[in-house]
Amino acid sequence: MIRLIGAGGKPGQPGPELNTFWTVPNILTVVRFCGVPLFVLFIVQRNYSAAVVTLVLLGSTDWIDGYIARRFDQVSSVGKWLDPVADRTALIVIAVTFVVDGIAPAWLVWSIVIPDAILIINALILFHGPVHLPVTTVGKIRTALLLVGSPLLLLKRVEGFDQPWLTITANVLLILGCVGHLIAFYGYFTAAHRKYRLERSA
């Protein structure tokens, strides 16, 4: 099936960038995007066990679509901007939902939302629209930490999982993820200005 929609390159030999939406990684990204409102619904219904499972699936698809894109030459021009947008949207909505429901403190939202807002305003000022920058290693690690720490923190609301070590581990991962988010923010902010200067000089 993967070969039928444009994959099949050899490992270590990246294929050309695809100009189609219809790739397996892009479909997984859309599924991940649709899973975010489902997660919010489970929180509203106080169905925390289902919410935890949903978060685990969200984090899993984030890794799986990236692996498929690289392993089977499924990298597409659409996926390069769609995947970061889905990740960023998921992180913001999850953080806001956690704070509103009292699962996490307010600093979790502010440490994610404020840097993202600055990046959006910065892009609008410099480029009058979105700017597409390559995802950094710090950005990937940041996303992984937040997507692993979030379901661990939510587990304390599930009966039988209210263990102190789980809460401590979750908070450590979330703090590291937020620190990584600030580091990634600085990297993307400076990269946007470098790109702006290069385009102006050209």
So Leu57, is it within 13 Å of the chain's Cα centre (by Cα) and open to solvent by 10 Å² or more (accessible area, probe 1.4 Å) = yes
request  = Taking Leu176 as meeting all but one of (1) loosely packed, with under 15 Cβ neighbours inside 10 Å; (2) modelled with pLDDT of 95 or more; (3) of a type in the set (A, V, I, L, M), write down the number of the exception.
outcome  = (1)
ask   = Only one residue in Leu155, Leu133 is under 18 Å from Tyr48 (Cα atoms) and of a type outside the set (Ser, Thr, Tyr), so which one is that?
value = Leu155
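Rundown of residues vs (1) of a type in the set (Lys, Arg); (2) farther than 23 Å from Pro37 by Cα; (3) buried (at least 20 other Cβ atoms within 10 Å of the Cβ), yes/no style:
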{"site": "Phe72", "(1), (2), (3)": "no, yes, yes"}
{"site": "Val78", "(1), (2), (3)": "no, no, no"}
{"site": "Val85", "(1), (2), (3)": "no, no, no"}
{"site": "Thr89", "(1), (2), (3)": "no, no, no"}
{"site": "Val93", "(1), (2), (3)": "no, no, no"}
{"site": "Val96", "(1), (2), (3)": "no, no, no"}
{"site": "Ile112", "(1), (2), (3)": "no, no, yes"}
{"site": "Ala117", "(1), (2), (3)": "no, no, no"}
inquiry  = Restricting to the stretch 94-130, name every residue that is closer than 25 Å to Ser49 by Cα and among the small types (Gly, Ala, Ser).
reply    = Ala95, Gly102, Ala104, Ala106
inquiry  = Here are the criteria: (1) at pLDDT 90 or above; (2) surrounded by 14 or more Cβ atoms within 10 Å (Cβ to Cβ); (3) not aromatic (Phe, Trp, Tyr). Tell me which single one Val44 does not satisfy.
reply    = (2)
key: Residues of the stretch 127-151 classified as open to solvent by 30 Å² or more (accessible area, probe 1.4 Å) and part of a helix (DSSP H, G or I), total   = 8
key: In the stretch 75-111, residue farthest from Ala184 (Cα to Cα) [restricted to those that are assigned to a helix (DSSP H, G or I) and among the acidic types (Asp, Glu)]   = Asp83
remark   = Restricting attention to the stretch 56-72, the residues that are touching a residue at least 40 places away in the same chain (Cβ under 8 Å) and either among the β-branched types (Val, Ile, Thr) or closer than 23 Å to Leu154 by Cα (or both) number exactly 6
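The values are calculated or read from the model by the stated rules, or taken from the named source; none is laboratory data. No experiment lies behind these values; they were computed from the predicted model shown. When we count neighbours, we look across all protein chains shown, and the Cβ atoms used for this are built from the backbone with ideal geometry, even at glycine. Each accessible area value is taken on the protein alone, full model and side chains, heavy atoms only, with ligands, DNA and RNA left out. Shrake-Rupley method; radii C 1.70, N 1.55, O 1.52, S 1.80 Å.
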